[in-house]
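One structure is given here, and the rest of the page talks about it.
The values are calculated or read from the model by the stated rules, or taken from the named source; none is laboratory data. Quick caveat: nothing in here was measured; it's all calculated off a predicted structure. Positions of Cβ are backbone-derived with ideal geometry, glycine not excepted, and every protein chain shown enters the neighbour counts.
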Ligand code: DHB
Ligand code: FE
């Protein structure tokens, strides 16, 4: 049997989630509507049993800073450490990499004329650790190997939604040409609408969020019709993290996906938080 993409897991990665977990507040009035989205995610993961996660996320100043900002960066390390870039979060378990699969993806992306940055050493921040902690809260070690793919959602100019989707599609093709037997889950983290700074700080846009959640599974082209600037206008300057979802959706391929679960609640900290699981229609 060849490697198999079992589906996609998408979630917001708000740092305050880490504090809520640390304090055991998952059932509080404030947090319950968000955490209630995760039993179905965990059940799905237990059923599809992935052993690799290919994760589209954005770094928030831990590994990359404004002085050197790759548009697309692919990790090729054997090991990734989490660190807290300043939120006061616990430091989570380290991640085991999958260098052979990383290099296969890198070869395929460069072959497809994506001018990516390759990272043989890379730290990962809350955008990666929080979604893992939400998915596998009781794991002694993470049950999947990691291939991290960082997209610049932090500093303009941003890649366009169409380019992010194309990157994801190319990653998806690479997964299908990989000779291994792994079961692969694709992840997209961040979003949905939020803006942390400036005159519009606190901005959220449920209408655009609903548009994204309504179309991601069966018509992702709706999301790629916007420019990056339009997404910043619609989603807020941090809501552009939807680019990570769009790339992850691309990696699931062109066929419509079945929606396993969907959850949306606002606000979680300053963010309209969403969680979704998609899987191939005939998985
Ligand atoms: C918040 C959301 C984020 O995606 C992030 O990276 C940092 C903070 C927030 O809503 O507080
Ligand atoms: Fe973020």
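With respect to residue 209, determine if the residue is within 16 Å of ligand 2 (Cβ to nearest atom) and farther than 21 Å from residue 72 by Cα.
On the way: within 16 Å of ligand 2 (Cβ to nearest atom): yes; farther than 21 Å from residue 72 by Cα: yes.
So residue 209 passes the test.
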Exactly one of (1) closer than 24 Å to residue 44 by Cα; (2) free of Cβ contacts under 8 Å to residues at least 60 places away in the same chain; (3) under 18 Å from the mean Cα position of the chain (by Cα) is unmet by residue 219. Its number? (3)
Answer with yes or no whether residue 74 is touching a helix residue (DSSP H, G or I) at 6+ places or on another chain (Cβ under 9 Å), surrounded by 20 or more Cβ atoms within 10 Å (Cβ to Cβ) and within 29 Å of residue 261 (Cα to Cα). yes
Taking segment 32-54 only, how many residues are in contact (Cβ under 8 Å) with a residue 40 or more places away in the chain and more than 20 Å from the chain's Cα centre (by Cα)? 1
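Restricting attention to segment 122-136, which residues are more than 13 Å from residue 11 (Cβ to Cβ) and either away from ligand 1 (no atom under 11 Å from the Cβ) or surrounded by fewer than 24 Cβ atoms within 10 Å (Cβ to Cβ) (or both)?
Step one: filter segment 122-136 for residues more than 13 Å from residue 11 (Cβ to Cβ), giving 122-125.
Within segment 122-136, 122, 123, 124 meet the criteria.
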Segment 1-24 residues that are closer than 25 Å to residue 59 by Cβ, paired with ones that are in a helix (DSSP H, G or I) and more than 10 Å from ligand 1 (Cβ to nearest atom) (beta carbon under 6 Å, 6 or more apart): 5/175; 8/248; 10/245; 11/131; 13/131
All but one of (1) farther than 19 Å from residue 5 by Cα; (2) away from ligand 1 (no atom under 12 Å from the Cβ); (3) in a helix (DSSP H, G or I) hold for residue 198; which doesn't? (3)
Search result, residues across segment 192-211 that are closer than 18 Å to residue 249 by Cβ and out of contact with any helix residue (DSSP H, G or I) (no Cβ under 6 Å at 6 or more places or on another chain): 209, 210, 211
Search segment 181-195 for residues being assigned to a loop (DSSP other than H, G, I, E, B) and surrounded by 15 or more Cβ atoms within 10 Å (Cβ to Cβ), and hand back the single one that is nearest to the chain's Cα centre (by Cα). 190
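Got a number for residues in segment 242-257 being under 18 Å from the mean Cα position of the chain (by Cα) and either part of a helix (DSSP H, G or I) or surrounded by fewer than 20 Cβ atoms within 10 Å (Cβ to Cβ) (or both)?
Residues of segment 242-257 under 18 Å from the mean Cα position of the chain (by Cα): 242-253, 257.
If we keep only those that are either part of a helix (DSSP H, G or I) or surrounded by fewer than 20 Cβ atoms within 10 Å (Cβ to Cβ) (or both) too, we end up with 242-251, 253.
Total satisfying the criteria: 11.
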Failed item, numbered, when residue 268 is tested on (1) within 24 Å of residue 45 (Cβ to Cβ); (2) buried (at least 24 other Cβ atoms within 10 Å of the Cβ); (3) within 16 Å of ligand 2 (Cβ to nearest atom): (2)
Answer yes or no as to whether residue 188 is closer than 21 Å to residue 106 by Cβ and away from ligand 2 (no atom under 16 Å from the Cβ). no
Checked against (1) under 18 Å from the mean Cα position of the chain (by Cα); (2) in contact (Cβ under 8 Å) with a residue 60 or more places away in the chain; (3) under 22 Å from residue 69 (Cα atoms), residue 109 satisfies every condition except (1)
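Among the residues of segment 137-165, count how many are under 23 Å from residue 42 (Cβ atoms) and either surrounded by 15 or more Cβ atoms within 10 Å (Cβ to Cβ) or at pLDDT below 95 (or both).
Residues meeting the conditions: 8.
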Out of 199, 166, 174, sole residue that is out of contact with any strand residue (DSSP E or B) (no Cβ under 8 Å at 6 or more places or on another chain) and free of Cβ contacts under 8 Å to residues at least 12 places away in the same chain: 199
